[in-house]
Amino acid sequence: MTSCPLPVAETERVLLGHGSGGQLMAELLAEVITPELGGDGPLEDAAVITAAGADLVFSTDGFVVTPRFFPGGDIGSLAVHGTVNDLAMRGARPVALSLAYVLEEGLPVPELRRITRSAAEAARAVGVPIVTGDTKVVGRGAADGVYVTTTGVGVRWGDACPSAAGGAAGDVVLLSGPIGLHGTAILSAREGLGFEAEVASDSRPLHRLVAAMIGAGGRDVHAMRDPTRGGLAGALNELAHASGVAVEVSEEDVPVPRAVASACELLGLDPMHVANEGCLVAFVAAPSAPAVLAAMRALPEGAGATVIGRVTDGTTGRVTARTLVGSSRIVDVLVGEQLPRIC
């Protein structure tokens with residue numbers, strides 16, 4: 001009798017899901033990329049380096065979003081905001097950016113000009129210069145129009161040093177605003193779902209919000225993450241694992257816009273897995289949490305800030321949510337790709 005072969009997991013080729021910000025991406029980093037680079041410690045949005053006796057914060061990011069123009073932004077402004085926010089998550093203000101393009105032959109020049117203008121306007125609004133860059137052109141079919149890479153250098157505000165590994169039991173979990181807007185806007189624009197009139201990307205810079213938080217809480221701002229790929233669930237899991245703590249959140253307290261909730265219900269998605277580009281989640285020591293929350297709410301970027309949970313000394317790396325019916329569920333990371341090409 002011939003038996004059917006068992007399915008074998010693909011381990012020798014890169015899959016689309018390896019860029020999801022979820023479990024597959026974590027495995028790719030842990031098993032392939034990080035060991036070859038000789039890295040250790042928690043994976044951060046940006047690295048703190050010392051040069052000429054000064055502490056600098058350094059980050060780089062690539063952007064491959066489809067469509068390139070979407071409600072609330074485009075790939076140019078998104079690239080600037082993304083790198084500025086990665087610096088901010090380490091408590092830094094940006095001082096310089098670079099901008100690099102990989103262009104596909106046939107890309108309309110007016111589109112490239114529009115993307116570049118948008119990046120320049122976003123950088124000017126932040127107050128950070130784009131000081132260098134690079135441009136490469138590849139043949140038709142070798143890229144999807146344009147890929148953008150931005151790199152940023154920043155300096156930290158005061159003596160605060162937030163880190164993914166900085167969370168501690170007893171911390172309060174703060175969220176700066178509603179979730180799911182960016183991923184829903186991208187998906188709706190891409191697939192023509194009809195939510196474009198109701199949902200726009202939340203893409204925006206968060207460095208001023210972080211400055212206010214550190215001004216109010218100083219070193220009590222222990223950890224921050226902007227929940228981009230993988231959504232809020234991914235960010236909470238990353239922080240919990242890196243800090244060696246558990247996290248408990250309340251679903252009722254997580255702000256989900258009605259249009260996002262409707263889209264997720266229609267498509268069978270969890271809003272906590274949907275990407276964001278203009279909000280952050282933070283672990284803050286309980287005594288300073290009220291002052292930090294007030295400082296966040298005083299700015300447009302944090303007007304919807306709220307407490308969504310707490311950090312505990314439970315099972316290391318576990319994130320749980322109290323549901324609307326009073327039960328508890330594990331909030332896990334995505335295995336593969338839920339919404340491809342959202343940043």
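Find the residue count for segment 305-322, including only residues that are closer than 8 Å to A246 by Cα and in a loop (DSSP other than H, G, I, E, B). So the count comes out to 6. Only one of the numbered conditions (1) outside any helix (DSSP H, G or I); (2) in contact with a helix residue (DSSP H, G or I) (Cβ under 6 Å, 6 or more places away or on another chain) is not met by L269, and that is (2). Which of (1) in a strand (DSSP E or B); (2) open to solvent by less than 10 Å² (accessible area, probe 1.4 Å) does L103 not meet, given it meets every other one? That leaves (2) as the condition not met.
Yes/no matrix, rows are residues, columns are (1) in contact (Cβ under 8 Å) with a residue 40 or more places away in the chain; (2) of a type in the set (S, T, Y); (3) farther than 21 Å from D61 by Cβ:
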| position | (1), (2), (3) |
| --- | --- |
| S118 | yes, yes, no |
| V138 | no, no, no |
| G152 | yes, no, no |
| A165 | yes, no, no |
| G230 | yes, no, no |
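When each of E252, E248, E265 is tested for being farther than 30 Å from A122 by Cα, modelled with pLDDT of 95 or more and loosely packed, with under 14 Cβ neighbours inside 10 Å, the lone residue that passes is E252. All of (1) farther than 18 Å from L209 by Cβ; (2) buried (at least 23 other Cβ atoms within 10 Å of the Cβ); (3) touching a Lys or Arg at 6+ places or on another chain (Cβ under 7 Å) hold for G183 with one exception: (3). Filtering segment 190-199 to residues that are touching a residue at least 60 places away in the same chain (Cβ under 8 Å) and surrounded by fewer than 21 Cβ atoms within 10 Å (Cβ to Cβ) leaves R190, L193, F195, E196, E198.
Evaluation of M296 against the conditions (1) among the aliphatic types (A, V, I, L, M); (2) farther than 26 Å from L15 by Cα; (3) assigned to a loop (DSSP other than H, G, I, E, B); (4) within 20 Å of the chain's Cα centre (by Cα) shows that the sole unmet condition is (3).
Consider G177 carefully, then state whether it is in contact (Cβ under 8 Å) with a residue 24 or more places away in the chain, farther than 30 Å from A261 by Cα and among the small types (G, A, S). The answer is no for G177.
Taken across segment 69-79, residues that are of a type in the set (S, T, N, Q) and surrounded by fewer than 22 Cβ atoms within 10 Å (Cβ to Cβ) do not occur at all.
Selection over segment 129-154 of residues that are at pLDDT 95 or above, open to solvent by less than 20 Å² (accessible area, probe 1.4 Å) and within 19 Å of C343 (Cβ to Cβ) gives a count of 5.
Residues considered: D171, D202. Of these, the only one that is touching a Leu at 6+ places or on another chain (Cβ under 6 Å), among the charged types (D, E, K, R), open to solvent by less than 30 Å² (accessible area, probe 1.4 Å) and under 22 Å from G234 (Cβ atoms) is D202.
Which residues, taken from segment 42-68, are under 30 Å from E111 (Cβ atoms), open to solvent by 20 Å² or more (accessible area, probe 1.4 Å) and polar (S, T, N, Q)? Listed by number, the residues that qualify are T60, T66.
Looking at the structure I just gave you, is A168 under 26 Å from I49 (Cβ atoms), modelled with pLDDT of 95 or more and aliphatic (A, V, I, L, M)? The answer is yes for A168. Under 21 Å from G166 (Cα atoms), under 20 Å from the mean Cα position of the chain (by Cα) and open to solvent by less than 60 Å² (accessible area, probe 1.4 Å): does that describe V333? Yes; evaluated as a whole, the condition is true for this residue.
Looking across segment 28-41, the residues that are loosely packed, with under 14 Cβ neighbours inside 10 Å and of a type outside the set (G, A, S) come down to E31, V32, I33, P35, E36, L37, D40. Considering (1) of a type outside the set (D, E, K, R); (2) surrounded by fewer than 24 Cβ atoms within 10 Å (Cβ to Cβ); (3) touching an Asp or Glu at 6+ places or on another chain (Cβ under 6 Å), the lone condition that L112 does not fulfil carries the number (3).
The values are calculated or read from the model by the stated rules, or taken from the named source; none is laboratory data. Bear in mind the structure is a predicted one, so any value in this text is a computation, not a measurement. All Cβ positions, even for glycine, are placed from backbone atoms using ideal geometry, and neighbour counts span all protein chains on display. Heads up: the accessible areas ignore ligands, DNA and RNA and are worked out on the full protein's heavy atoms, side chains in. Shrake-Rupley method; radii C 1.70, N 1.55, O 1.52, S 1.80 Å.
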